[in-house]
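Notes follow the structure.
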Amino acid sequence: MSTDNTAVGERHHAHHFNNAEHEFNTSMFGVWCFLLTEILMFGGLFVGYFIFHNLYPDMFAEGASHLDWRYGATNTLVLLMSSFTMVLSIYYARKNNTKMISWCLFITLLCAIAFMGIKYIEYSHKIHEGLLPGELFSYAHAEAANLGLYFSFYFMMTGLHGSHVLVGMGLITWILIRARRGEFNEHYYTPVEGVGLFWHLVDLIWIYLFPLLYLVG
Amino acid sequence: MSDSHHPVTSFETYRNVILALIFLTVVTVAIAKPVSGFDLGVLNGALAMFVATLKAYLVAAYFMGLRFEDKINKSILIMGVVFLALLFTVCMFDIMTRVPVTSTL
Amino acid sequence: MLIMELFMNLFFNQALANTAIDQVESQSSNFMPPAATEIAQKFDTLYTFLLVISFISSVLVIGGMIYLAYKSRRKTEDQKTAYIAHNATLEFLWSFIPFVFFMIVFAWGWVIFYQMQNAPKDAFEVHVTGQKWYWDFTYKSGKTSSGEFVVPADTNIKLIMTSRDVLHSFFIPAFRIKQDVIPGRFTTLWFRAPKVGEYQVFCTEYCGDNHSAMLAKVKVLPKADFELWLQDNPYKGLSLAQVGQKVYQGRCIACHLTTEKKNIGPGFGGLYGKTREFNEADSLVADEEYIRESILNPNAKIVKGYPKGVMPTFAGQLKENELSGIIEYIKTLKK
Amino acid sequence: MYSTPGKNYLNEASGLWSWLTTKDHKRIGVMYMISVMIFFAIGGAFAMLIRTELFSSGKDIVDAAVYNQFMTFHGAIMVFMVIIPGIPAIFGNFFLPLQLGAKDVAFPRVNLMSWYCLIIGAAISFVSLIYNGADTGWTFYTPYSIGTDNGTLWLVLGAFVMGFSSILTGLNFVVTVHKLRAPGMTFFRMPLFVWSLYATAIIQIIATPVLGITLLLLAAERILGIGVFDPKLGGDPVLFQHFFWFYSHPAVYIMILPAMGVISELITTYSRKVIFGYKAIAFSSLGIAAVSFFVWGHHMFVSGQSSLAGIIFSFLTMLVGVPTAIKTFNWVATLYKGSVKFDSPMLYALGFIFLFTIGGVTGIILAVTALDVHFHDTYFVVAHFHYVMVGGTLMALMGAFFYWLPKMFGKLYYEAGARLSFVFIFLGFNVTFFPQFVLGAMGMPRRYYSYLPEYQLLNRVSTLGAYTIGIGFLIALAVILHSIFKGKPAGKNPWGAKTLEWEADEIPIHENFAVQPVVTGGPYEYR
């Protein structure tokens, strides 16, 4: 996040930094602090999940049985691939290979769209069956009385994660446009690294979400 | 100036990491009860968390480049998890040590 | 605080006396209602000890500050000041001494808290139910009373408490006890009141519009009188309308007035026989059937201009004679 | 863009647009000052309405439902819009870079975004007035906050957005302190105000996101009925209290730590003496920040939390009392053999120590589990937290105003007027809140619209005191406005202080320092 940069090629660093490297480290430290707030926000939901999992273990097992683990597994692989292509885009940025940066970012975007598509299928299936959160729960033959609570956590956690995937897609599109304009090279790729860190965190959260929601015993 | 950033990780390393991640995902699915009936009771959950943490370590260390970052960025990730663990343990401790009261009407 | 209190006593004594605090026979020592249980006395000793310590430490710190500020006030513009940056022993002392006092007070508090939280085994159990804006008390013998909590003197009473809608909190200042009341769960309190008397009960967890009117009275009776009270039927020898009046004072008074004026709910004055306008349902003349339905299923017909879902249902809480009593009593209320 | 001579951060660009899109930390500080002053006026007005309603035991001016909204908005505005942004956003934004010898905060655009989050969040919160307000108290306890059908959802979403303002400010300060210090300024040469802002920033980054998710869950409760905190669907209202206080207790340290930083600055400057126990104060700031995350349960001793958990929280609360006490003793020790000048900022600092000591000792009384059973949710607690918040943070805020006004606007203020405002605020404060300790002991519960007749006299005294505080703040406002527009020029360093911000020009330039200052010694090298 630099301010008033002048020439595009050999880019000036912002006036309040000593040099570009100082700016890069500061930006990365700032992004990491922001990731800490994301971890703590999602963490609140995870803590709630663990507490209610301990309070109603069989209800959570019954809830998980309604989820199709194949969709979850595919989504995990899709997100892992998008993380891989995202890190490649940084790899090529440092190799000054502008064409490959754009390609990798484009594939990352495709993976993200695929992820949201699968989520859409799952959500419509749940809504159709009435497996909705809390009071809206209208699934006829549920054994546990408050099964709606499981789906409250399901929709809150995957919904919040999904909204972060959408934000990530917006950010990737932004740096894809800048990459096509050739702005990134080995001296300046801070935005790609920043968006990359955010995207890896979104993937990290899904790595924990998948076993907890889909595979819980 | 580019060398002042941390050194460039080779393509092969990234390839190996993604393969390891895919393998671990397959393992996670394989050891899950609803999938393969593999059931060790409580241990199941712990095992799933362990494998997830392994994958998280791979992503954080290689993809996010934490291997080369200075101590402070690493400590940030750990601090987040520590404070969440604090919230969880205290809430669970409270819920577990509540004296259950029933109506005697 | 002590000197402050003596000063407050002298200055305010006359003023406090004429605000007619009925149940405070003697002037309370530290401004709290006089301790009416043994645990309350232990509470008072710990509180007085900590109050004295706080007063002394405050005087030391504030007095020290004023003295040092005055003594080292600026005499000339270019006055030199000593370069004292730290002093290890002093810093250790003023960390360790407060810590020791905190630990003493913590441990002492723990002992009393333990007694407060653990009711004796043989306690006489009473069920307390909090609901938006009144307290219900149910005894083992099935007898219920509302707004008035009658207990035998000098016996361990254990309260098993829950709420029917939101959080409330049962607080008796004279016994120094308080416990939140949570819907969907039971919480407990216990006390032993040796002296006969009447003590105020407050709700101290915010619960909406009439949170400040959700009061009750603890009436400690001698054991014999209590047994008599437990047996007798509160409505013995009363006409249906008088039964209705007693039920009204216990429950409905929190929201409905006996005149036509609006409080939380519509006034009862002149209700019977008048045509009523409703938000959704079409209007009708208020008769026994309408009043009964409004008590058992209030949300069926909501009077025009009133929000839905404020009045809770009383189904299962009023016996048949109390229900018809309310209806008769409302009939007697003219404009 | 490097500023041209004769220009400073105020007159280098003019027009509203140059302010609304500024990236200069000093301008953002001034914009925060204006917004916080407006919110303080609104919150203060609600306080006056509350005290007027409580003048006599029955109905004075409004009905119960309206009084409950006064109480809710007074709490929410003062907490989320005045006292949490307060010192860090106004004086932290303006003076942290200056005291570090830096040109700006690490992320200027994120800093501007933080101001917009506060304004947008405040706007969303006031939308609740259209849907007949909110009456849940600033704590939004469930299940009442789920069921009540009014604008509570908007107040919750407003607070959620304002949380980001706090996160972004904290994030900016942590990165700035780590990465943008002047050459030669090691951690132990930083002023104590910077230390306290650093500790506050850490709390803001770690605690505020948990409030974010709690308010999000509460909003989902109201919209979708997810049942996590609603007992009807298997949820646990005490869990909401755990999540809420996990943020809100560290939040009270977000409020008090910057105030402590200001007091360290004022005491040293006006007694022209080196601070006593620099390292002790610096480390106790961090100590308070760390331990503040372990003590939240002392708000829940009687709320259905297990008694064993209550005991542990009581013990940890005693621990957090120790560093707070150490700081107070260090300030008093600093006065010894100094040369104390009783200007109004110093009066506010001494007033802070007076009121904060009383607030502190009553805090210990409330920390003892047995005593808290009686005092919880009574006026004793109201008096305690007003002693530490108004007596603490607001006194420090006023002291900071008069101390740094000459550097922000290059003008001196009318000293006698400032001292008069101190007298009114200090006396009015004690008359308002000391009787509330007594009311609390007598058992008068909190948030009561009408109270028993025996509490009436002390409530009347308290109401008169409240009006006196109101007058005091109006006098202070008059003095500040007069000084900004008509004050005499102040020069570079009117108080002869030693910290870096006084080395900048009378009104600092956009770059703060024409020549990058190099730090050779500690921040308070008075001889």
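The values are calculated or read from the model by the stated rules, or taken from the named source; none is laboratory data. Note that the structure is predicted; figures quoted are calculated from it, not measured. Note that each Cβ is placed from the backbone with ideal geometry, even for glycine, and that neighbours are counted across all protein chains shown. The area values use the complete protein model at the heavy-atom level, side chains included, leaving out ligands, DNA and RNA. Shrake-Rupley method; radii C 1.70, N 1.55, O 1.52, S 1.80 Å.
How many percent of all Cα-Cα pairs in chain A sit more than 32 Å apart? Could the numbers behind the result be given before it?
Details: 6983 of 23436 pairs.
Considering chain A, 30 percent of its Cα-Cα pairs are separated by more than 32 Å.
Ranked from the most accessible area to the least, with a 1.4 Å probe and all protein chains present, what is the order of A:K126, C:K236, D:K279, B:K74? Each step should come with its number before you reach the end.
Details: A:K126 5, C:K236 145, D:K279 110, B:K74 75 Å².
I get C:K236, D:K279, B:K74, A:K126, largest accessible area first.
Can you pull out the GluC sites (Glu not before Pro) in the range A:9-118 that DSSP calls coil and that have at most 10 other Cβ atoms within 10 Å? Present the calculation step by step, with values, prior to reporting the outcome.
Details: sites: A:E10, A:E21, A:E23, A:E38, A:E62; in loops: A:E10.
Counting only loop positions with at most 10 other Cβ atoms within 10 Å, the GluC sites (Glu not before Pro) in the range A:9-118 are A:E10.
Using a Gaussian network for chain A with springs between C-alpha atoms less than 10 Å apart, which of these wobbles most: A:V165, A:V31, A:V87?
Taking springs between Cα atoms under 10 Å, the residue moving most is A:V31.
Given N residues in the range A:101-145, what is its alpha carbon radius of gyration divided by 2.2 N^0.38 Å?
Details: Rg = 16.7 Å, N = 45, 2.2 N^0.38 = 9.3 Å.
So the range A:101-145 has a normalised radius of gyration of 1.79.
Stick to Cα atoms and the Kirkwood definition of Rh, then tell me Rg/Rh for the range D:100-216.
Working: Rg = 17.7 Å, Rh = 15.8 Å.
Over the Cα atoms of the range D:100-216, Rg/Rh equals 1.12.
Assuming 0.36 nm per residue, please report the length gained on full extension of the stretch C:N87 to C:E227 beyond their Cα-Cα distance. Intermediate values should be presented prior to the final figure.
Numbers: separation 140, 0.36 × 140 = 50.40 nm, distance 6.91 nm.
Gain on extension, C:N87 to C:E227, equals 43.5 nm.
So, in nm, how far is label A:L171 from label B:F68 when the simple model puts each one 7 Å beyond its Cα toward the Cβ?
2.0 nm
Relative contact order for chain D: what is it in percent, counting Cα pairs under 8 Å that are at least 6 residues apart? Write out the running numbers ahead of the final one.
Working: 898 pairs, mean separation 96.8, N = 527.
Result for chain D is 18 percent.
Springs between alpha-carbon atoms under 10 Å, Gaussian network over chain C: tell me which of C:W108, C:W190, C:W133 tops the mean-square fluctuations.
C:W108
Kirkwood hydrodynamic radius (Cα pairs, Å) of the range A:26-134? Write down the numbers at each step before the final one.
Details: mean 1/r = 0.0587 Å⁻¹.
Its Kirkwood hydrodynamic radius stands at 17.0 Å.
Given a 10 angstrom Cα cut-off, can you work out which residue in C:Y206, C:Y83, C:Y134 is the most mobile in a GNM of chain C?
Maximum among the listed residues: C:Y83.
Please get the size of the charge dipole for chain A, origin at its Cα centre, with Cβ charges of +1 on Lys and Arg and -1 on Asp and Glu, quoted in debye to the nearest 20.
About 680 debye.
Over the alpha carbons of the range D:305-411, what is the largest minus smallest coordinate on each principal axis, giving the biggest first in Å?
Result, largest extent first: 56, 29, 19 Å.
What fraction of the Cα pairs in the range A:73-170, stated in percent, has a spacing above 17 angstrom?
Values: 2822 of 4753 pairs.
Everything past 17 Å amounts to 59 percent.
Which three numbers, in whole Å and largest first, are the semi-axes of the equivalent ellipsoid of chain D derived from its Cα gyration tensor as √(5λ)?
Numbers: eigenvalues 268, 128, 111 Å².
Computed over chain D, the values are 37, 25, 24 Å.
Before anything else, pin down the relative contact order of the range A:1-138: Cα pairs under 8 Å, at least 6 apart, normalised by residue count, whole percent.
Details: 67 pairs, mean separation 17.8, N = 138.
In percent, rounded to a whole number, it is 13.
Please pull out the direction-averaged projected area of the range C:219-259, using the convex hull of its alpha-carbon atoms, in nm² to one decimal place. Don't skip to the answer; put the middle values down first.
Working: hull surface 15.5 nm².
Convex hull of Cα atoms, orientation-averaged projection: 3.9 nm².
If I histogram all Cα-Cα distances within chain C using bins 20 Å wide from 0, what percent of pairs lands in each bin?
Distribution as computed: 23, 43, 23, 9, 2 percent.
On the Cα set of chain B, report Rg and Dmax in Å, please.
When restricted to Cα atoms, chain B yields Rg and Dmax of 20.5, 79 Å.
Given a Förster distance of 22 Å, report the FRET efficiency between D:W19 and A:N19 from their Cβ-Cβ distance, rounded to the nearest 0.05. Could you put the intermediate results ahead of the total?
Working: r = 30 Å, r/R0 = 1.38.
Efficiency, from the Cβ-Cβ distance: 0.15.
Along each of the three principal axes of the Cα atoms of the range C:159-278, give the extent in whole Å, ordering the values from largest to smallest.
Between the extreme Cα coordinates on each principal axis of the range C:159-278 lie 52, 38, 24 Å.
Modelled label-to-label distance, D:E525 and C:R276, 7 Å Cα→beta-carbon offset: nm?
According to this spin-label approximation, the distance is 8.4 nm.
In terms of the ratio Rg/(2.2 N^0.38 Å) built on C-alpha atoms, what value belongs to the range D:1-86?
Details: Rg = 19.6 Å, N = 86, 2.2 N^0.38 = 12.0 Å.
Normalised by 2.2 N^0.38 Å, the Cα Rg of the range D:1-86 equals 1.64.
Take the Cα gyration tensor of the range C:260-319, multiply each eigenvalue by 5, square-root it, and list the three semi-axes largest first, rounded to whole angstrom. Let's see the in-between values first.
On the way: eigenvalues 57, 38, 31 Å².
Largest first, the range C:260-319 gives 17, 14, 12 Å.
Rg(Cα) of the range A:149-199 divided by 2.2 N^0.38 Å?
Against the compact-globule rule of thumb, the ratio is 1.56.
I'd like the orientation of helix C:2-18 relative to chain C: the angle between its Cα long axis and the longest Cα principal axis, in ° from 0 to 90, rounded to 10.
30 degrees
Sorted from largest to smallest, which semi-axis lengths in Å does the alpha carbon gyration tensor of the range C:60-120 give for its equivalent ellipsoid, taking the root of 5 times each eigenvalue? Before the final figure, lay out each step's value.
Details: eigenvalues 385, 43, 7 Å².
In descending order the semi-axes read 44, 15, 6 Å.
Could you tell me the convex hull volume per residue, in Å³, taken over the Cα atoms of the range D:452-513?
Values: hull volume 10.0 nm³, N = 62.
For the range D:452-513, the hull spanned by Cα atoms encloses 161 Å³ per residue.
What FRET efficiency comes out for C:L284 versus D:A65 if R0 is 35 angstrom and r is the Cβ-Cβ distance? Round to the nearest 0.05. Kindly include the intermediate steps, with their values, before the conclusion.
Values: r = 28 Å, r/R0 = 0.81.
Efficiency at R0 = 35 Å is approximately 0.75.
Would you list the membrane-span-like helices of chain A, meaning whole DSSP H runs whose alpha-carbon atoms span at least 20 Å along their axis and whose mean Kyte-Doolittle value is at least 0.5? Numbers along the way, then the final one.
Details: long enough: A:20-55 (52 Å, 0.95); A:69-93 (36 Å, 0.82); A:98-129 (47 Å, 0.76); A:147-180 (49 Å, 1.08); A:190-214 (35 Å, 1.23).
Taking the DSSP H segments of chain A (at least 20 Å long, mean hydropathy at least 0.5), we get A:20-55, A:69-93, A:98-129, A:147-180, A:190-214.
For chain C, find the longest principal axis of its Cα atoms and tell me its angle to the long axis of helix C:38-71, 0 to 90°, nearest 10.
40 degrees
Which helices of chain D meet both criteria: a Cα extent of 30 Å or more along the helical axis and a mean Kyte-Doolittle score no lower than 0.5, with helices taken as whole DSSP H segments?
Values: long enough: D:25-53 (41 Å, 1.12); D:152-179 (41 Å, 1.44); D:192-224 (47 Å, 1.79); D:237-270 (49 Å, 1.01); D:307-335 (43 Å, 1.44); D:344-367 (33 Å, 1.86); D:415-442 (41 Å, 1.29); D:456-486 (45 Å, 1.31).
Helices meeting the span and hydropathy rule in chain D are D:25-53, D:152-179, D:192-224, D:237-270, D:307-335, D:344-367, D:415-442, D:456-486.
Please report how far the C-alpha centroid of the range A:136-164 lies from that of the range D:359-423, rounded to the nearest whole angstrom.
Between the Cα centres of the range A:136-164 and the range D:359-423 lies a distance of 46 Å.
In whole percent, what relative contact order does chain C give with Cα contacts below 8 Å and a gap of six or more residues?
13 percent
Any idea how far apart A:M100 and A:A61 come out in nm if each label point goes 7 Å out from Cα toward Cβ?
Here the modelled spin labels are 5.0 nm apart.
Starting from 0 in steps of 20 Å, tell me what percent of the Cα-Cα pairs of the protein assembly as shown lands in each bin.
Whole-percent P(r) values from 0 Å outward: 11, 38, 35, 15, 2, 0.
If you project the alpha carbons of the range C:102-237 onto their three principal axes, what span does each projection cover, largest first, in Å?
60, 37, 24
Distance cut-off 24 Å, Cα to Cα: go down the list D:K103/D:K341; D:K341/D:K407; C:K143/C:K217; A:K95/A:K119 and report the pairs above it.
On the way: D:K103/D:K341 32 Å; D:K341/D:K407 19 Å; C:K143/C:K217 17 Å; A:K95/A:K119 35 Å.
Exceeds cut-off: D:K103/D:K341; A:K95/A:K119.
Per-residue Cβ counts within 10 Å, from other chains only, averaged over D:293-304: what number is that? Could you put the intermediate results ahead of the total?
On the way: counts 5, 2, 0, 2, 4, 0, 0, 2, 4, 12, 8, 11.
Per residue, the average neighbour count from other chains is 4.
Just to confirm the number: angle between the C-alpha axis of helix C:88-117 and the first principal axis of chain C, 0 to 90 degrees, nearest 10?
So the helix axis and the longest Cα principal axis differ by about 30 degrees.
Per residue, how much accessible area does the range D:1-104 have with a 1.4 Å probe, in Å²? Write out the running numbers ahead of the final one.
Numbers: 3480 Å² over 104 residues.
Roughly 33 Å² per residue, with all protein chains present.
What percent of all Cα-Cα pairs in the range D:205-311 falls into each 10 Å bin, going from 0 up to the bin containing the maximum distance?
13, 32, 27, 16, 9, 3, 0
Based on Cβ point charges of +1 for Lys and Arg and -1 for Asp and Glu, what charge dipole magnitude is obtained for chain D about its Cα centre, in debye rounded to the nearest 20? Could the numbers behind the result be given before it?
Numbers: 30 positive and 23 negative charges, 299 e Å.
That gives a dipole near 1440 debye.
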